[in-house]
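Below is one structure, written out as structure tokens, with a few remarks after it.
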Amino acid sequence: MSLPVIPSLWKYEKLVDVIDQFIDYRGKTPTKTESGVPLITAKNVKGGKLSPEPREYIAEAAYIDWMSRGYPQTGDVLFTTEAPLGEVAQVSDPNIALAQRLLTLRGKKSILDNDYLKWVFFSPAVKFQIGQRSTGSTVRGIRQKELRQVKIPLPPLEEQRRIAAVLEKADHLRSLRRQALARLDDLVQSV
């Protein structure tokens, strides 16, 4: 599959050229506790959102030592590297600890909007590249080195923001529709 044709003011860029920071906690498993700082794992990243379940924690006293590779910021994009591969969400509360099988990506502010970055991972061309660069027979995974080479369509920054806002609004409307249909099902069941 070749990359789709894009408008003339857009270009394709490798992630390595537009990401300011890759925070990688793959291969490390923290000691979990009953309370403390919420631990975000690949299981929490689904369909563009962070799920609160399952709830896992690390001790507050261990947080600084654990997060030695970097701290997430509001708006950073979380990307699952395996089990499942390619799920994304954005950080809304940076007071979290990151577990293995997750990369945190932060776009270069003058080039890449993080809201747009989240949505670009849903595009078929980007998903295809991730699949092509992944390895494994039972569980597919991608190394950071390979993910860095994935090319994304990059419109001007204002266009990125507009696209992300439209997609976010559409996602919100889909969510409201699902809720309305669930309520309608409940009403039908009660009648």
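Taking a straight line from the alpha carbon of K43, these lysines sit under 28 Å away, with near neighbours fewer than eight places off in the same chain left out: K14, K28, K32, K108, K118, K127, K145, K151, K169.
Just in region 1-73: which trypsin sites (Lys or Arg not before Pro) are loop by DSSP and have at most 11 other Cβ atoms within 10 Å? It would help to have the intermediate numbers written out before the result.
Details: sites: K11, K14, R26, K28, K32, K43, K46, K49, R55, R69; in loops: R26, K28, K32, R55, R69.
Those that pass, being in a loop and sparsely packed, are R55.
For Y71, Y57, Y25, Y63, the ranking by accessible surface with the largest value first comes to Y71, Y57, Y63, Y25, using a 1.4 Å probe. Would you work out which of S190, L176, A164 lies farthest towards the positive end of the dipole of region 128-191? Charges go on Cβ: Lys and Arg +1, Asp and Glu -1. Positive-end residue among those listed: A164. If you take the charge dipole of the chain about its Cα centre, with +1 on Lys and Arg Cβ and -1 on Asp and Glu Cβ, which of W66, P153, L103 is farthest toward its positive end? After comparing all options, I get P153.
Let me test this: with uniform point scatterers at the alpha carbons of region 58-144, what is the Debye-based log₁₀ I(q)/I(0) at q = 0.10, 0.13, 0.18 1/Å? Treating every Cα as an identical point scatterer, log10 I(q)/I(0) equals -0.29, -0.48, -0.85.
For region 31-113, DSSP calls about 85 percent of its internal beta bridges antiparallel.
Three principal axis extents describe the C-alpha atoms of region 1-134; from largest down they are 52, 29, 22 Å. Highest GNM mean-square fluctuation among N114, N44, N95, for the chain modelled with Cα contacts below 10 Å: N95.
Of all DSSP bridge pairs formed entirely within the chain, close to 90 percent run antiparallel.
The residues of region 85-177 expose on average 51 square angstrom of accessible surface per residue, using a 1.4 Å probe on protein heavy atoms. When E158, E87 are compared by accessible area at a 1.4 angstrom probe, the order from most to least is E158, E87.
The values are calculated or read from the model by the stated rules, or taken from the named source; none is laboratory data. Since this is a predicted model, take the numbers as computed values, not measurements. With ideal geometry, Cβ positions are generated from the backbone for all residues, glycine too; neighbour counts draw on all protein chains shown. Only protein heavy atoms, including side chains, enter the accessible area calculation; ligands, DNA and RNA are left aside. Shrake-Rupley method; radii C 1.70, N 1.55, O 1.52, S 1.80 Å.
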